[in-house]
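Only one structure is covered here, and it is reproduced in the block below.
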């Protein structure tokens with residue numbers, strides 16, 4: 001009885017993992033298939049990876065995405081960490097309100113946020129540019145950073161800092177020798193996480209990117225609408241593995257829930 | 001010298017500690033009056049540090065999220081996009097248009113139904129999985145499986161959808177598999193149909209449900225279940241009378257977390273739904289990208305925003321109620 005339950009349980013878990021990973025696996029495999037129409041039988045070939053590296057559009061949009069995601073992750077992590085520090089280490093009036101304000105930006109669909117930003121920039125007569133794109137991406141990434149860093153700071157042992165201070169270390173020395181090394185893993189994890197959030201974000205880019213500038217998700221979007229090419233499989237496969245590694249590393253530090 | 005910034009209570013200071021510091025440093029203790037001045041000065045400085053920490057982040061949030069939402073609200077009452085010399089006036093027309101045309105009602109209910117289907121299928125798929133992770137698997141496998149569930153969730157949405165398009169298209173893996181098994185409707189046309197949208201949405205959001213359910217199931221003490229079965233309860237009774245009620249907070253928060261993005265989705269319907277992919281999300285996108293009817297798009301977005309906020313409020317109330325019941 002007990003054993004059969006275990007067999008069923010494992011079988012079910014494998015089934016769900018197959019549902020989660022199956023399509024991605026097929027996609028990656030088809031990137032190695034010679035046929036441009038994804039026809040079987042399967043003929044192993046690296047031609048699509050080669051083509052991908054000469055596809056200027058695809059490469060440019062990938063570079064755009066990476067550059068945007070890196071700058072977003074740096075700024076969002078910096079601003080978010082400052083705010084989280086204030087929310088954890090100071091008690092002041094309105095602290096709970098500020099903390100509650102972080103929930104709506106995460107739960108409101110990105111479509112609504114993107115559209116409203118588009119309207120505001122139009123209202124202020126700011127044309128769509130890399131700057132508007134950047135503002136939007138940082139805006140949606142910030143609440144995640146603040147929430148992540150709040151849990152990080154709350155779980156921090158303060159006695160070390162107090163010990164350093166009572167042994168005569170100045171606030172500056174205490175910060176650089178004790179506090180900063182303690183929060184560093186959290187900072188790195190938050191940066192990786194915001195990188196993934198920004199790199200993944202199609203909606204904000206769709207509405208706020210200037211004409212002619214496309215990010216990788218935007219490029220994949222138009223590829224699905226206009227016609228498939230295995231070059232997209234190739235780059236999608238690379239991206240999937242890349243973001244999986246990012247998430248796995250950052251998850252050591254971030255408790256996702 | 002002053003205490004470290006934000007040490008325990010932050011703004012309040014420990015006066016005896018300050019006294020001690022004056023004694024040990026050998027300096028003469030200052031008079032009351034200047035002590036008070038110093039205290040005020042210190043408070044001001046703390047206040048300044050607080051602003052310095054909070055203002056950049058929250059200022060950015062205000063500028064990128066909250067002010068735009070307000071402007072969207074204003075825009076939804078305009079008769080036209082303020083552009084060149086156009087005469088723009090305040091009107092309720094965008095809202096009366098929405099409420100008077102059954103087309104939009106039908107679309108709204110379609111979006112809501114899509115949210116319901118996505119949530120329902122997610123619960124059905126996720127509950128056994130969460131149960132397996134929380135109660136069956138040995139500890140050392142638990143976190144590994146947990147990670148395996150999380151990875152596709154945080155990976156690229158467009159990559160995910162692209163993979164489904166590859167799998168579901170005519171001549172794709174599912175098609176070939178069905179043909180191989182002997183079902184041979186020449187073209188199945190799964191891609192570009194309503195079920196394809198649901199599949200894409202469930203695939204994207206089911207990890208939410210697995211995670212929230214896992215968290216609430218993990219908290220349930222195993223001895224409760226053992227007590228139930230040793231007192232003669234069947235596994236169905238144990239599940240229905242103990243496990244399920246105790247996991248309800250997880251079900252509720254997971255449902256809301258899935259329902260909200262599902263009704264606001266527009267990428268999945270666009271890419272996987274084809275002609276049957278018209279939903280409120282895609283209509284909103286059309287107003288902004290194709291039709292340049294921004295005020296109407298703003299009013300549709302605002303209506304959706306109200307629905308979303310209502311749902312969040314309901315969730316908060318339900319969860320608070322449950323917590324209250326449990327403590328009583």
Using a simple spin-label model with points 7 Å from Cα along the Cα→Cβ vector, what separation in nm is obtained for residue A:158 and residue B:100? 6.1 nm
Suppose a student asked you for the relative contact order of chain A, using Cα pairs under 8 Å spaced at least 6 residues apart; what percent would you report? 32 percent
Per the 1/(1 + (r/R0)^6) rule, R0 = 51 Å and r from the Cβ atoms of residue B:291 and residue A:37, FRET efficiency to 0.05 is 0.90
Can you give the mean number of other chain Cβ atoms that lie within 10 Å of the Cβ atoms in peptide A:10-19? 5
Give or take rounding to whole Å, what are the principal axis extents of the alpha carbon atoms in chain A, in descending order? 72, 68, 33
Just counting partner chain Cβ atoms within 10 Å, what average do the residues of peptide A:200-209 show around their Cβ? 3
Counting other chain Cβ atoms within 10 Å of each Cβ in B:224-234 and taking the mean gives 0
Sort B:45, B:93, A:226 by Cβ crowding within 10 Å, fewest neighbours at the top. A:226, B:45, B:93
What angle, in degrees between 0 and 90 and rounded to the nearest 10, separates the Cα long axis of helix A:180-200 from the longest principal axis of the Cα atoms of chain A? 30 degrees
Per residue, the convex hull volume that the Cα atoms of the protein assembly as shown enclose (Å³): 219 Å³
In units of 2.2 N^0.38 Å, what is the alpha-carbon radius of gyration of the stretch A:99-204? 1.43
Among B:239, A:240, rank each residue by its count of other Cβ atoms within 10 Å, from fewest to most, as a rough exposure measure. B:239, A:240
I need the semi-axes of the equivalent ellipsoid of the stretch A:49-163: take the C-alpha gyration tensor, multiply each eigenvalue by 5, square-root it, list largest first in whole angstrom. 34, 21, 11
So for the stretch B:234-301, what percent of the C-alpha to C-alpha distances run longer than 13 Å? 72 percent
How many angstrom separate the Cα center of the stretch B:260-328 from the Cα center of the stretch A:13-40? 31 Å
Rg over Rh [alpha-carbon atoms, Kirkwood Rh] for the stretch B:283-328: 1.38
Using alpha carbons only, how many angstrom separate the centre of the stretch A:169-204 from the centre of the stretch A:210-247? 28 Å
Highest-first arrangement of B:82-89, A:160-167, where packing means the average Cβ count within 10 Å: A:160-167, B:82-89
Taking a ≥ b ≥ c as the square roots of the eigenvalues of the Cα gyration tensor of the stretch B:162-294, is the shape rounded (a/c under 1.5), prolate (a/b larger than b/c) or oblate? oblate
For chain A, take the longest principal axis of its alpha carbons; what is the angle in degrees between that and the long axis of helix A:230-251, to the nearest 10 within 0 to 90? 20 degrees
All-pairs Cα distance distribution in chain B, expressed in whole percent, bin size 20 Å: 21, 39, 29, 10, 1
B:153, B:90 arranged by Cβ crowding within 10 Å, fewest neighbours leading: B:90, B:153
If you take the square roots of the eigenvalues of the alpha-carbon gyration tensor of the stretch A:147-257 and sort them as a ≥ b ≥ c, do you get rounded (a/c under 1.5), prolate (a/b over b/c) or oblate? prolate
Can you tell me the 0 to 90 degree angle between the C-alpha axis of helix A:130-154 and the longest principal axis of chain A, rounded to 10? 60 degrees
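No value in this document is a laboratory result; all are computed from the given coordinates. All of these numbers come straight from a predicted model, not from anything done at the bench. Don't worry about glycine lacking a Cβ; one is built from the backbone with ideal geometry, like all the others, and counts go over all protein chains shown.
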